[in-house]
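Notes for the one structure printed next.
The values are calculated or read from the model by the stated rules, or taken from the named source; none is laboratory data. These numbers come from a predicted model, not from an experiment. Here Cβ is always computed from backbone atoms with ideal geometry, including for glycine, and neighbour counts include all displayed protein chains. Remember, those area values only see protein heavy atoms, side chains included, never the ligands or the DNA or RNA. Shrake-Rupley method; radii C 1.70, N 1.55, O 1.52, S 1.80 Å.
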Amino acid sequence: MASSFRAFLNSPVGPKTTHFWGPVANWGFVLAGLVDMNKPPEMISGNMTSAMCVYSALFMRFAWMVQPRNYLLLACHASNETVQLYQLSRWARA
């Protein structure tokens, strides 16, 4: 167990790299989107939500193309894309 944890710590995608901490910080966007689901749709900015959709789509591709592949970043932006598309649909229906 200790050797596998040590291997993770020193891996190219471990917590000693931006490959790890960048996606961890980006989960804040997902959490903010989830919290915003409780707000009325009139408060949603269509422009900002659209920008977040484009941002997440671009970074999903980046996460897939970068070597080594950054699955944590991919999961983060796929989650954010889902949340933002839902928010955009709420905005469009309002």
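Here are the numbers for the structure shown:
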quantity	calculated
Residue list for region 51-71, restricted to those being touching a helix residue (DSSP H, G or I) at 6+ places or on another chain (Cβ under 7 Å), open to solvent by 100 Å² or more (accessible area, probe 1.4 Å) and over 17 Å from residue 20 (Cα atoms)	none
Any hit, region 28-50, residues being surrounded by 14 or more Cβ atoms within 10 Å (Cβ to Cβ), out of contact with any Cys (no Cβ under 7 Å at 6 or more places or on another chain), of a type outside the set (A, V, I, L, M, F, W, C) and farther than 14 Å from residue 86 by Cα	no
Condition check for residue 85: open to solvent by 50 Å² or more (accessible area, probe 1.4 Å), assigned to a helix (DSSP H, G or I), modelled with pLDDT under 95 and of a type outside the set (S, T, N, Q)	no
Qualifying residue in region 44-51 (condition: part of a helix (DSSP H, G or I), of a type in the set (Gly, Ala, Ser) and free of Cβ contacts under 8 Å to residues at least 12 places away in the same chain)	yes
Residue in region 1-27 that is modelled with the highest pLDDT, counting only those that are closer than 21 Å to residue 81 by Cβ and of a type in the set (Gly, Ala, Ser)	25
Hey, residue 72 over 23 Å from residue 94 (Cα atoms) and modelled with pLDDT of 95 or more or not	no
